[in-house]
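Okay, structure first, notes after.
The values are calculated or read from the model by the stated rules, or taken from the named source; none is laboratory data. What you see is a predicted model, and the numbers here were worked out from it, not measured in a lab. All Cβ positions, even for glycine, are placed from backbone atoms using ideal geometry, and neighbour counts span all protein chains on display. Heads up: the accessible areas ignore ligands, DNA and RNA and are worked out on the full protein's heavy atoms, side chains in. Shrake-Rupley method; radii C 1.70, N 1.55, O 1.52, S 1.80 Å.
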Amino acid sequence: MRGLVGTYSFQALRGDLFGGITAMVVALPVALGFGVASGLGAAAGLYGAIAAGFFAALFGGTKSQISGPTAPMTVAMAVIVTGYASDIAEALAIVVMAGCLQVLLGLSRIGRFVAYTPHVVISGFMSGIGIIVVVIQLLPFVGGVSAAGGVLGALGALPGAVADLNVSAFVIAATTLAIAVLWPRRFAQYLPAPLVALLAGTLLGVLWLTDAPVIGTVPTGLPAFRFESPEWVFLARAVEPALILALLGSVDSLLVSLVADSLTRTQHSPNRELVGQGVGNIVAGLIGGVPGAGSPILTVTNIRAGGRTPVSGVCYAVLMLGLVLGLGRFVEPIPHAALAGILVKIGWDIIDWRLLSRVHRLQREHLVVMLTTLALTVFVDLVTAVAVGLIAAGMAHARQLERLELDSVVSVPFLDREFLGLRTDSSDPYSARVGLVALKGSITVASSHKLVAVIAEDIKDHEVVIFDFTGTSYLDDSAAMVIEQLLEVAKRESTSYILMGLSGAVSHTLHALNILRQVPDGQIVETLEEARAVSYRLLSMDETPAD
């Protein structure tokens, strides 16, 4: 909540209230379903949404992010309940441990590394999330029941749902979708389109089309303190699942933070976000809630409805608390189809159409990375998609670096009469027994393995080769080992060599790896003049230099 004092306006408050209300309504059935799926019960889904939503907004670093139970965290929790804990108390102790680990990750400033995620990876998983939202909402759009199995499960159940079309649900969903799409922008500053669509769809379901499936009964009752001190033997065994849960929630939240940044043109604080998520999950474990993370659906819903500050997340959490305190009866008649119509529009907007419309202009490597990330997001899961996307993007980036670094390697033959100053009548004036290989800029693992093939031929063409490191700013360990291979190639070809201009970090790297041990005495110099003098000696020349 830091930074709001003195800058917060009534317009911002209105947007945050609309965003929090809309996110709460969308989150309610999702939280109930995730609570059941986790093995902790429907009410635990609400408690998790309250804890994660409130404390992640209060202490987190992403202004417009909404947190709560998510599919990856729910699946992980279900595995913990069935495979790692003998009772609910132990399962909740693992949640608390995971929250503590997230706080430690934030305090150790690890979260900043998410900023290095390439845009094509972000675009791929954003578009994948949008497709998932649209496809999954097709079932309630036609009055069907949500199916397990993600996108594939929804697509498999869709033909049967269409055959048993619930006309009332379809009309409600189509109406809410039409309002969400066609609502004039000049009115959106007073009433956001998702909220208007929700009100219209609910009125249709309450007054006329009453046979459409609705949210139904909402569990009530305040969460109670449920933490029990576990035994030391259990704590040692619980470190592994707690670490997995912490890493999963952290990666999930930071990726959603990137989505929020791209939609709001803001910059989140990744380390603060991890601290906020960790505190939220600590509280969730203490009150018997499902652990949470940043939710892409709820975050985008909040942003589209006008939420821009942490107040929207606090509002969302307080409203969820109001539901369990008895206000749930006011949302029980909301049709699932009304939510489906709104979410279809939101999912469509999440898809990165700006980049997809330019796929024919993307470099082939970048296109492959984006499409791979998109496909894995849709058909596998978000974390796997981003992991593979980052690996693919790193490989594509390495290929680009390889070309750039190899282009910066300069090989120059020195004519004897110019460099060595020999009399033209005592030697071939066009002889170039001395060559120079200048390694400029950064030389890394990206290009190091091709350096041998590129430079080896130049080494064979000369009797003496000068390796010029004067313009080398960085040399990683892989490139340093390749330098050793080049020196071995020179020795094998009976070519003498001189190392020139070694200094700073480059010199330290070569000395640290003991690569310079094989360089004969006197063949490491600082200037080209010194290299010229050493060249005379190495060539054992009978010719005398010109006056």
Residues that are open to solvent by 40 Å² or more (accessible area, probe 1.4 Å), at pLDDT below 85 and either charged (D, E, K, R) or on the phi < 0 side of the Ramachandran plot (or both): does segment 191-201 have at least one? yes
Taking only pairs six or more apart or across chains, which ones have beta-carbon atoms under 8 Å, a first residue in segment 42-62 that is touching a residue at least 60 places away in the same chain (Cβ under 8 Å), and a second residue that is open to solvent by less than 10 Å² (accessible area, probe 1.4 Å) and among the charged types (D, E, K, R)? A56/E273; G60/E273; G61/E273; T62/E273
Checked segment 86-96 for anything touching a residue at least 60 places away in the same chain (Cβ under 8 Å), in contact with a helix residue (DSSP H, G or I) (Cβ under 9 Å, 6 or more places away or on another chain) and surrounded by fewer than 22 Cβ atoms within 10 Å (Cβ to Cβ); matches are I88, E90, V96
Out of the residues in segment 60-85 that are open to solvent by 30 Å² or more (accessible area, probe 1.4 Å) and in a loop (DSSP other than H, G, I, E, B), which is farthest from L325 (Cα to Cα)? Y84
Please work out if L235 is open to solvent by 10 Å² or more (accessible area, probe 1.4 Å), more than 17 Å from P29 (Cβ to Cβ) and at pLDDT below 85. yes
Please go through segment 469-489 and pick out each residue that is surrounded by 21 or more Cβ atoms within 10 Å (Cβ to Cβ) and in contact with a strand residue (DSSP E or B) (Cβ under 7 Å, 6 or more places away or on another chain). F469, T472, L475, A479
Could you list, ordered by first residue, the pairs with Cβ atoms under 6 Å in which the first is in segment 286-299 and under 15 Å from T22 (Cβ atoms) and the second is acidic (D, E), at least 6 apart or interchain? none
Can you confirm whether segment 374-382 contains a residue that is over 21 Å from P72 (Cβ atoms), open to solvent by 20 Å² or more (accessible area, probe 1.4 Å) and either assigned to a loop (DSSP other than H, G, I, E, B) or touching a residue at least 24 places away in the same chain (Cβ under 8 Å) (or both)? no
Hey, can you tell me all the residues within segment 33-50 that are more than 24 Å from the chain's Cα centre (by Cα) and surrounded by 24 or more Cβ atoms within 10 Å (Cβ to Cβ)? G35, S38, L40, A44, G45, L46, Y47, I50
Can you name the condition, by its number, that A147 falls short on among (1) in a loop (DSSP other than H, G, I, E, B); (2) without any contact (Cβ under 8 Å) to a residue 24 or more places away in the chain; (3) surrounded by fewer than 17 Cβ atoms within 10 Å (Cβ to Cβ)? (3)
Residue, nearest to the chain's Cα centre (by Cα), within segment 150-166, restricted to residues that are surrounded by fewer than 16 Cβ atoms within 10 Å (Cβ to Cβ) and aliphatic (A, V, I, L, M): L152
Contact list please: Cβ distance under 8 Å, first residue in segment 405-432 and open to solvent by less than 90 Å² (accessible area, probe 1.4 Å), second residue modelled with pLDDT of 65 or more and hydroxyl-bearing (S, T, Y), pairs at least six apart or on different chains. E405/S442; E405/T444; L415/S431; D416/S431; F419/S535; L420/S535; L420/Y536
Would you mind finding the one in I122, I136, I110, I172 that is out of contact with any Phe, Trp or Tyr (no Cβ under 7 Å at 6 or more places or on another chain), β-branched (V, I, T) and modelled with pLDDT of 90 or more? I172
For A57, which of the numbered conditions (1) over 23 Å from K345 (Cβ atoms); (2) open to solvent by less than 30 Å² (accessible area, probe 1.4 Å); (3) of a type outside the set (D, E); (4) out of contact with any strand residue (DSSP E or B) (no Cβ under 8 Å at 6 or more places or on another chain) fails to hold? (4)
Unmet criterion (only one of (1) under 22 Å from A340 (Cβ atoms); (2) at pLDDT 90 or above) for V218: (2)
Is it the case that N281 is in a helix (DSSP H, G or I), in contact (Cβ under 8 Å) with a residue 40 or more places away in the chain, over 25 Å from V181 (Cβ atoms) and polar (S, T, N, Q)? yes
What number of residues within segment 316-340 satisfy the criterion of being in contact (Cβ under 8 Å) with a residue 60 or more places away in the chain, open to solvent by less than 20 Å² (accessible area, probe 1.4 Å) and closer than 25 Å to Q11 by Cα? 3
Restricting attention to strands (runs of 3 or more DSSP E) lying wholly within segment 461-526, give those where 1 or more residues are more than 45 Å from the chain's Cα centre (by Cα) and closer than 29 Å to D416 by Cβ. 464-468, 496-500
Return only the number of the condition from (1) open to solvent by 10 Å² or more (accessible area, probe 1.4 Å); (2) in contact with a Ser or Thr (Cβ under 9 Å, 6 or more places away or on another chain); (3) assigned to a helix (DSSP H, G or I); (4) not charged (D, E, K, R) that S312 does not satisfy. (1)
